[in-house]
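We did not get these values from a lab; they are worked out from the coordinates using the rules stated. Note that the structure is a prediction, hence the values are computed from the model and not measured. Note that we place each Cβ from the backbone using ideal geometry, even for glycine, and neighbour counts take in every protein chain shown.
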Amino acid sequence: MKDPLRILAVEDEKALAQLLAVVLGGPAAKVTRAADGWEALMKIAVTPRPFDVVITDHRMPRVSGLDLVRRLRKTNFAGKILVLSAHLSDEDIRAYEELKVDMMMSKPFNFDEIQSAVAVLTKDVSVSAAA
């Protein structure tokens, strides 16, 4: 059996982080949560197997989503990056595009949208809320 997809959900709103873990987790995917970009960087540094997908909020304390993506790109992170935000300025969008994020989504989103986004990013893995 193929190893489960490894997803890091970086979100400072606990309820939304939990929701992402429930919606995306299951036999085909393991979701790890981080409360902000700093915690995400720490988890990425110590993980024995790299994350396949990082889903990050934009506005967070300590290390923002944009700073997290900048740092990931400096380390040649090979996984996919999905940015979630209710508020992205044109400048933020350009900055993420320059950093070649794989996808940006607006909040709020529904379960199907986030599952479809992860499926598109990973193409060969079916992510489903039904276990």
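Amide H contacts of Asp36 (H built 1.01 Å from N, in plane; Pro and chain starts excluded): Glu11 sit under 5 Å, all sequence-distant by 5 or more or on other chains. Rounded to the nearest 10 degrees, the inclination of helix 111-122 to the longest alpha-carbon principal axis of the chain is 90 degrees.
For the stretch 5-122, just say rounded, prolate or oblate: build the C-alpha gyration tensor, square-root its eigenvalues into a ≥ b ≥ c, call rounded for a/c under 1.5, and beyond that prolate if a/b exceeds b/c, oblate if not. Cα axes put the stretch 5-122 in the rounded bin.
The Rg/Rh ratio of the stretch 20-67, with Rg taken over Cα atoms and Rh as the Kirkwood radius over Cα pairs, comes to 0.97. Here the dipole of the chain is about 520 debye; that uses its Cα centre as origin and unit charges on the Cβ of Lys and Arg (positive) and Asp and Glu (negative).
Could you state the angle between the C-alpha long axis of helix 14-24 and the longest principal axis of the C-alpha atoms of the chain, as a value from 0 to 90 degrees rounded to the nearest 10? Approximately 40 degrees, to the nearest ten.
What does the charge count around Pro61 come to, taking other residues whose C-beta lies under 14 Å from its C-beta (Lys +1, Arg +1, Asp -1, Glu -1)?
Net charge in that neighbourhood comes out at -4.
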